[in-house]
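Q: Here it is, the structure in full.
The values are calculated or read from the model by the stated rules, or taken from the named source; none is laboratory data. The structure presented is a predicted model; accordingly, all values stated were derived computationally and were not measured. Every residue, glycine as well, gets a Cβ built from its backbone with ideal geometry; the counts of neighbours run over all protein chains shown. Side chains are part of the model used for accessible areas, which takes the heavy atoms of the whole protein and leaves out ligands, DNA and RNA. Shrake-Rupley method; radii C 1.70, N 1.55, O 1.52, S 1.80 Å.
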Amino acid sequence: MSKKYLYLFSEGNATMRELLGGKGANLAEMTNIGLPVPQGFTISTEACTQYYEDGRQINEEIQAQIMEYIAKMEEINGKKFGDLKNPLLVSVRSGARASMPGMMDTILNLGLNDDVVAAMIAGNPDPKFERFVYDSYRRFIQMYSDVVMEVGKKYFEQLIDEMKKDRGVTFDVELTAADLKELAAAFKAEYKAKIGEDFPSDPKEQLMGAIKAVFRSWDNPRANVYRRDNDIPYSWGTAVNVMPMVFGNLNDNSGTGVAFTRDPATGEKKLMGEFLTNAQGEDVVAGVRTPMPISQMEEKFPEAYADFVRVCDLLEKHYRDMQDMEFTVENGKLYMLQCRSGKRTAPAALKIACDLVDEGMRTEEEAVAMIDPRNLDTLLHPQFDAAALKKAEPVGKGLGASPGAACGKIVFSAEDAEAWAARGEKVVLVRLETSPEDITGMKSAQGILTVRGGMTSHAAVVARGMGKCCVSGCGEIAMDEDNKKFDLAGKTYHEGDFISIDGSTGKIYDGIIPTVDATIAGEFGRIMAWADKYRRLKVRTNADTPADAKKARELGAEGIGLCRTEHMFFEPERIAAFREMICSDTAEEREVALDKILPYQQGDFEKLYEALEGHPVCIRFLDPPLHEFVPTTEEEIEALAKAQNKSVETIKNIIASLHEFNPMMGHRGCRLAVTYPEIARMQTKAVIRAAINTKKAHPDWEVKPEIMIPLVCEVKELKFVKKIVVETADAEIAASDVKLEYEVGTMIEIPRAALTADEIATEADFFCFGTNDLTQMTFGFSRDDAGKFLNAYYDTKIFENDPFAKLDQTGVGKLMEMAIKLGRPVNPKLHVGICGEHGGDPSSVEFCHKIGLDYVSCSPFRVPIARLAAAQAAIKDKK
């Protein structure tokens with residue numbers, strides 16, 4: 001028995017999504033429940049996969065099945081392909097298992113040729129009918145040429161525009177039958193000029209060409225980008241739906257429309273949609289003519305409208321979700337061409353989910369599972385005004401690295417951003433790339449735009465932490481930082497020019513687009529309360545400032561999973577002292593310099609403990625290499641030389657000696673504490689003294705600091721640093737009259753640490769996976785440079801997504817799982833978390849749930865996403 005690749009609509013149902021694609025499965029389901037669907041067939045996703053395996057050819061077995069199903073479709077509909085008395089005309093549409101609106105191709109009116117056209121007209125003397133036939137014919141030639149043969153649409157649009165100008169009319173509808181006949185001939189001539197052969201007249205040849213084109217469109221650039229953004233695997237393939245045409249452009253008693261059973265923007269329960277008389281579906285979607293609201297359809301087609309309202313109600317109750325439907329009315333009779341769960345904004349998604357629970361259609365668990373966690377991002381940040389955005393044309397595109405909308409005047413340095421913002425200007429900071437000392441400028445800016453860097457570049461990570469809008473890696477920008485200008489899309493932008501950036505889509509716009517503030521509706525709280533009820537994973541936040549920590553607590557964080565202490569060193573008084581420490585000759589000199597920083601660090605930690613009110617705080621000791629802290633300008637170097645009583649030359653030599661060929665794998669993390677134990681001693685004093693003071697002020701709080709040693713790769717290394725921490729901490733606690741417990745754990749971010757986790761667990765109270773570094777070291781590429789070549793990896797399908805944005809479960813995930821399996825038996829009390837950027841990515845959170853982590857930690861604005869994703873993972877697990 002050969003494999004079955006084709007299914008009549010009457011042979012499928014809604015559960016066969018993987019095989020028939022979303023559209024095919026829903027057409028079959030609508031057929032099963034007795035709705036008026038033109039009866040055709042679906043070519044399965046497996047045929048698409050086979051097409052690619054056979055070198056982009058449709059093999060003979062599949063071709064034979066297509067011929068067999070054409071005969072079945074002809075019999076069901078009582079019409080024949082190419083028949084002059086009763087010709088069958090079909091539409092050919094794509095349909096992947098996940099909805100990908102507008103990403104793949106469609107062909108309408110297939111089966112027309114000169115003979116069929118002449119025969120149809122001869123059989124109906126109405127001059128309006130003749131116009132309809134030629135209108136359908138010219139549309140088909142245009143679509144087939146564009147989609148199947150890849151002759152650009154624009155050539156045909158030019159011919160239409162020339163004719164309208166010549167005839168002195170504005171709209172396509174005003175062209176007569178004779179005009180359209182002439183246009184069809186002109187289109188065919190254009191086809192021959194571009195392709196070198198006549199337009200195909202055999203309907204079966206036309207159909208094979210169209211099916212191939214739909215399969216081919218699965219791999220077009222638009223579809224590839226959409227899949228990467230929406231986590232849709234390339235291996236899924238698309239199905240193809242072939243169905244008899246119904247004609248909305250037959251006459252004025254016909255029409256076509258698109259509708260939603262609830263408002264996709266607000267979630268309000270009312271029928272929403274648009275309708276056009278005497279038109280085909282593409283006209284509504286393409287915006288060629290302005291459609292009328294669906295409610296006016298009632299006046300034009302009262303019977304079809306009544307049928308349609310009944311169908312909407314039936315479909316929403318059947319699918320228990322908001323439906324998006326395409327339909328056509330032919331001679332007053334309603335036909336359903338598609339239904340799917342409608343795309344919706346984040347506020348609408350929350351409202352619809354809550355309403356469905358209140359209406360008794362869904363359970364709380366189902367409501368939680370219905371919402372795409374990534375959608376929540378847009379709720380928490382300012383957005384561009386939707387109407388203004390529709391009219392705006394982007395001038396460039398980078399990666400949407402941190403969501404939100406920002407517009408302001410362009411500045412090129414962190415200092416300028418601060419200075420301009422201080423005098424009340426709104427600015428967008430544009431840099432080649434950002435570094436830790438830009439942090440104050442990033443805070444002052446409305447948004448950040450960088451030429452280099454990916455989703456986990458410094459700019460992206462820090463911006464997400466602040467909830468600032470950021471677009472990174474816009475390689476189209478030709479940057480001239482020295483002269484404070486850059487070129488993009490043929491225009492030169494100078495300091496002070498206005499620019500708008502969209503951190504959700506990565507799009508860049510010239511000038512100002514008005515923004516509206518984010519509003520969190522009551523439904524947000526309800527959904528989040530349900531999510532918290534069902535999840536097992538705890539959710540913490542990555543925060544270095546009391547403000548970030550407070551924001552994260554408001555958004556539901558249950559502690560700090562990562563406090564990066566180095567960000568606290570960059571304020572002027574502290575950086576001066578730290579630079580003295582770097583340039584000291586002896587341990588004593590270093591301790592004197594560090595003692596100046598100690599009160600600042602202690603104060604920082606006290607504020608963090610206060611903000612967290614007794615919830616856990618995990619503090620990572622100094623991680624970056626020392627060269628990140630040294631002065632770069634002549635004035636700063638001279639000031640340091642003076643403070644140290646050293647020559648400028650000596651200071652410059654010290655700075656040069658800190659240069660490393662590969663700083664990410666250099667003298668950083670716990671290696672600094674091994675070389676300079678006094679750094680770890682000072683940080684331990686600050687952590688413990690702050691905890692003691694907080695405990696005194698709030699005896700009822702549970703203050704239990706977690707001290708995290710970064711970049712450990714060997715148990716002896718951890719043992720060495722831990723000994724310094726424990727001796728210092730115990731001495732501080734003994735000198736006070738407070739009982740204080742603390743924990744010392746480590747980051748697992750070097751593959752060797754994961755491989756030897758059973759040894760490391762003997763010394764660690766907890767593990768925290770630093771998946772940014774773990775990903776970098778497992779793949780062996782630098783996260784700051786990977787953006788330069790990753791696009792080639794996406795194009796060639798070597799990678800389907802950015803491993804820094806979405807956890808690589810096969811490789812990095814295996815190391816994590818191994819570390820847990822090795823570590824827990826040795827130390828049953830070991831608690832395990834993750835604090836890389838992956839902690840806020842839904843598919844990564846699901847993986848963390850699966851392998852048994854205790855918590856995930858992510859930037860403050862991603863906390864709700866992680867809470868929802870953790871609940872969805874637990875609900876899925878239960879099933």
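Q: Expressed as a whole number of Å, what is the distance separating the alpha-carbon centroids of the range 533-559 and the range 396-426?
A: When both Cα centres are located, 27 Å separates them.
Q: In degrees between 0 and 90, to the nearest 10, how far off the longest principal axis of the chain does helix 677-697 point, with axes built from Cα atoms?
A: Here the helix axis deviates by roughly 80 degrees.
Q: Take the eigenvalues of the Cα gyration tensor for the range 481-587, scale each by 5, and report the square roots as semi-axes in whole Å, largest first.
A: Details: eigenvalues 240, 215, 25 Å².
For the range 481-587, the semi-axes come out at 35, 33, 11 Å.
Q: Of all accessible surface on the range 440-538 at a 1.4 Å probe, what whole percent is carbon and sulfur?
A: Values: 1930 of 4040 Å².
Answer for the range 440-538 is 48 percent, counting heavy atoms of protein chains only.
Q: Within the set of other residues whose C-beta is less than 14 Å from the C-beta of Arg452, count the net charge using Lys and Arg as +1 and Asp and Glu as -1. Could the numbers behind the result be given before it?
A: Working: positive: Arg431, Arg783, Lys788; negative: Glu433, Asp438, Glu476, Glu481, Asp784, Asp785.
For residues surrounding Arg452, the net value is -3.
Q: Can you give the calculated 222 nm mean residue ellipticity of the chain, where each DSSP H run of n ≥ 4 adds -39,500 (n - 2.57) and the sum is split over every residue, rounded to the nearest 500 deg cm²/dmol?
A: Numbers: 34 runs with 400 residues, N = 879.
Counting only the DSSP helices, I get -14000 deg cm²/dmol.
Q: Compute the semi-axes of the equivalent ellipsoid of the range 189-246, taking the square root of 5 times each eigenvalue of the Cα gyration tensor, and list them largest first in whole Å. Intermediate values should be presented prior to the final figure.
A: Working: eigenvalues 165, 53, 16 Å².
After diagonalising the Cα gyration tensor, the semi-axes are 29, 16, 9 Å.
Q: Going by the alpha-carbon gyration tensor, a ≥ b ≥ c the square roots of its eigenvalues, is the range 114-178 rounded (a/c under 1.5) or, if a/c is not under 1.5, prolate (a/b greater than b/c) versus oblate?
A: Judged from the Cα gyration tensor, the range 114-178 comes out oblate (a/c at least 1.5, b/c at or above a/b).
Q: Rounded to two decimal places and with Rh computed the Kirkwood way over Cα pairs, what is Rg over Rh for the range 567-606?
A: Values: Rg = 10.0 Å, Rh = 10.1 Å.
Value, to two decimals: 0.99.
Q: Something else: How high is the relative contact order of the chain, in percent, counting Cα pairs under 8 Å that sit 6 or more residues apart?
A: Details: 1759 pairs, mean separation 81.1, N = 879.
Relative contact order comes out at 9 percent.
Q: Have a look at the DSSP beta bridges in the range 441-575 and tell me what percent are antiparallel, nearest 5.
A: On the way: 11 of 16 bridges.
Given both bridge residues lie in the range 441-575, the antiparallel proportion sits at roughly 70 percent.
Q: Not counting ligands, DNA or RNA, and with a 1.4 Å probe, what is Thr650's accessible surface area in Å² rounded to the nearest 10?
A: We get 50 Å² for Thr650.
Q: At a probe size of 1.4 Å, how large is the accessible area of Leu350, to the nearest 10 Å²?
A: Here the accessible area works out near 10 Å².
Q: Still on this model: Of all the accessible heavy-atom surface of the range 12-134, with the other protein chains kept in place and a 1.4 Å probe, what percent is carbon and sulfur? Display every interim value, and only then the final one.
A: Numbers: 2430 of 5000 Å².
Here it works out to 49 percent.
Q: Among Glu299, Glu359, what's the order by accessible area (1.4 angstrom probe), most exposed first? Could you put the intermediate results ahead of the total?
A: Numbers: Glu299 145, Glu359 75 Å².
The ordering from most to least exposed comes out as Glu299, Glu359.
Q: OK, next. Going by the alpha-carbon gyration tensor, a ≥ b ≥ c the square roots of its eigenvalues, is the range 301-399 rounded (a/c under 1.5) or, if a/c is not under 1.5, prolate (a/b greater than b/c) versus oblate? List each step's numbers first, then the result.
A: Working: a/c = 2.85, a/b = 1.31, b/c = 2.18.
Because a/c hits 1.5 or more and a/b fails to exceed b/c, the range 301-399 counts as oblate.
Q: Sticking with this structure for a sec: Can you bin the range 505-564 into rounded, prolate or oblate? Criterion: square roots of the alpha carbon gyration tensor eigenvalues sorted a ≥ b ≥ c, rounded for a/c under 1.5, prolate for a/b above b/c, oblate for the rest.
A: Working: a/c = 2.45, a/b = 1.44, b/c = 1.70.
It comes out oblate by the Cα gyration axes.
Q: Follow-up question, since we're still on this one. What accessible area per residue, rounded to a whole number of Å², is obtained for the chain using a probe radius of 1.4 Å? List each step's numbers first, then the result.
A: Numbers: 36240 Å² over 879 residues.
Here the per-residue accessible area is 41 Å².
Q: Counting alpha carbon pairs within less than 8 Å and at least 6 residues apart, what relative contact order, in whole percent, applies to the range 589-676? Write down the numbers at each step before the final one.
A: On the way: 39 pairs, mean separation 31.0, N = 88.
Relative contact order for the range 589-676 comes out at 35 percent.
Q: Right, here's the next one. Between helix 302-319 and the chain, what is the angle of the helix's C-alpha long axis to the longest principal axis, kept within 0 to 90° and rounded to the nearest 10?
A: 40
Q: Cβ neighbours within 10 Å, averaged per peptide: list 810-819, 542-551, 727-736, 162-171 in order, most packed at the top.
A: Numbers: 810-819: 18.8, 542-551: 21.8, 727-736: 15.1, 162-171: 11.3.
Put in order of decreasing packing, that is 542-551, 810-819, 727-736, 162-171.
Q: Taking the 0 to 90 degree range and rounding to the nearest ten, how far is the long axis of helix 572-582 tilted relative to the main principal axis of the chain, both from C-alpha atoms?
A: Its long axis makes an angle of about 70 degrees.
Q: As I understand it, the dipole of the chain uses +1 on the Cβ of Lys and Arg and -1 on the Cβ of Asp and Glu, about the Cα centre. Which of Ile141, Gly273, Ile692 lies farthest toward its positive end?
A: Gly273
Q: Now a separate question. Compute the separation of the alpha-carbon centres of the range 199-243 and the range 838-862 and state it in Å as a whole number.
A: Using only Cα atoms, the two centres lie 35 Å from each other.
Q: Just to compare against my own numbers: the Cα pair-distance distribution for the range 766-857, 5 Å bins, whole % per bin, please.
A: Percent of Cα pairs in each bin: 3, 14, 25, 23, 17, 10, 6, 3, 1, 0.
Q: What does DSSP give for the chain in terms of the percent of beta bridges that are antiparallel, rounded to the nearest 5? Intermediate results must be reported in sequence, preceding the final value.
A: Working: 61 of 97 bridges.
So the antiparallel bridges amount to about 65 percent of the total.
Q: I've got another one for you. Please tell me the relative contact order of the range 54-110 in percent, rounded to the nearest whole number, where contacts are Cα pairs under 8 Å and at least six residues apart. Don't skip to the end; give the middle numbers.
A: Details: 34 pairs, mean separation 12.5, N = 57.
Reported relative contact order: 22 percent.
Q: Roll a 1.4 angstrom probe over the protein heavy atoms and tell me the percent of accessible area of the range 289-417 that is carbon or sulfur. Numbers along the way, then the final one.
A: On the way: 2690 of 5320 Å².
Using a 1.4 Å probe with all protein chains present, the range 289-417 comes out at 51 percent carbon and sulfur.
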